[in-house]
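Report on the structure given below.
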Amino acid sequence: MDKIVYFTKRFKEVVKLFPDRIAIKSTNCPQGFTYKKLDLFSSRVYAYLKAHNIGKEDRVLVILPRGIRVITAMLGVIKAGACVSLLEEGYSAERIEFIKKDYAPKLIIDNEVLEEAATYEPLD
């Protein structure tokens, strides 16, 4: 079985078993996200990616500050079957531009994109 398929299947099983258990916390969100909420928001990112023709083996670059939003975006990208690379917002502009050029992502997820993705109907 494909490792990504296994991961997403296993994640869904955990969501069903422990929907109200805290999955992740961060300094920005000390109350944390439950598995159900993490699944919901990452499924919205997945829907956004599908609407923008992002799928298997496409490259997606996530440029966000550390925290829950990074995990949400990353899970959405994995659900879409795309490749994900993470960068922190705090990197120098030159470094970010170099990585963008070298990695050649089909899409970049930043705060603005994540806000738009939050409006999408979640996909399973």
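Quick notes
- Of the numbered criteria (1) in contact with a strand residue (DSSP E or B) (Cβ under 7 Å, 6 or more places away or on another chain); (2) surrounded by 17 or more Cβ atoms within 10 Å (Cβ to Cβ), the one ARG21 fails is (2).
- Annotation: of all residues in the stretch 54-91 being open to solvent by 50 Å² or more (accessible area, probe 1.4 Å) and among the acidic types (Asp, Glu), the one that is farthest from VAL14 (Cα to Cα) is GLU89.
- Test: residue in the stretch 43-52 that is surrounded by 19 or more Cβ atoms within 10 Å (Cβ to Cβ) and basic (Lys, Arg): yes
Table: residues versus (1) touching a Lys or Arg at 6+ places or on another chain (Cβ under 7 Å); (2) of a type in the set (A, V, I, L, M, F, W, C).
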position: ASP20; (1), (2): yes, no
position: ILE24; (1), (2): no, yes
position: LEU49; (1), (2): no, yes
position: ASP58; (1), (2): yes, no
position: GLY81; (1), (2): yes, no
position: TYR91; (1), (2): no, no
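- Candidate set from the stretch 1-18 (those that are part of a helix (DSSP H, G or I) and of a type in the set (Phe, Trp, Tyr)); member that is surrounded by the most Cβ atoms within 10 Å (Cβ to Cβ): PHE11
The values are calculated or read from the model by the stated rules, or taken from the named source; none is laboratory data. This structure is a prediction, so every number in the text was calculated from the model and none was measured. Cβ: placed from backbone, ideal geometry, glycine included. Neighbour counts: every protein chain shown. Surface accessibility is based on the protein's heavy atoms, side chains included, excluding ligands, DNA and RNA. Shrake-Rupley method; radii C 1.70, N 1.55, O 1.52, S 1.80 Å.
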